[in-house]
Amino acid sequence: MVGFTTVSMTEFAAEMAVAGVPDDVVQLLAYLFGEVLDGRNVPVGDGVQRALGRPARDFRAFAENNFEAWASPKRTSSATG
């Protein structure tokens with residue numbers, strides 16, 4: 001199962017720095033995510049309906065219907081010498 005934990009932009013930037021991400025990249029990502037996650041993208045539009053001719057599905061429904069696409073392939077042993 002995939003989990004989700006909300007973190008603040010400050011926490012995100014601090015963890016990136018701890019991971020060794022260069023400061024200019026941390027600042028860029030914080031800026032970009034701050035712009036993308038500022039609430040402008042919350043309203044749901046009708047783009048999927050207009051483009052595909054069907055209502056949008058939530059991600060959970062999509063993932064449940066397509067989980068096999070992401071499943072690890074079964075490994076078969078191969079004899080290499």
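The values are calculated or read from the model by the stated rules, or taken from the named source; none is laboratory data. Predicted model only: the values in this text are computed from it and were never measured. FYI the Cβ positions are ideal-geometry reconstructions off the backbone, even for glycines, and counts take in every protein chain you see.
Counted as qualifying within the chain are the helices (runs of 4 or more DSSP H) with 3 or more residues that are in contact (Cβ under 8 Å) with a residue 12 or more places away in the chain and either surrounded by 10 or more Cβ atoms within 10 Å (Cβ to Cβ) or acidic (D, E) (or both), namely 9-18, 23-36.
Within segment 37-67, being over 15 Å from V2 (Cβ atoms) and of a type in the set (D, E) holds for D38, D46. When restricted to residues that are among the hydrophobic types (A, V, I, L, M, F, W, C), more than 29 Å from S8 (Cα to Cα) and at pLDDT 85 or above, segment 42-76 contains 5. Identify the residue in segment 31-41 that is modelled with pLDDT under 90 and under 17 Å from the mean Cα position of the chain (by Cα) and, among all such residues, is farthest from E11 (Cα to Cα). Within segment 31-41, the match that is farthest from E11 (Cα to Cα) is N41.
Looking at segment 48-69 only, could you name the residues that are among the small types (G, A, S) and over 20 Å from the mean Cα position of the chain (by Cα)?
Those that are among the small types (G, A, S) and over 20 Å from the mean Cα position of the chain (by Cα): A51, G53.
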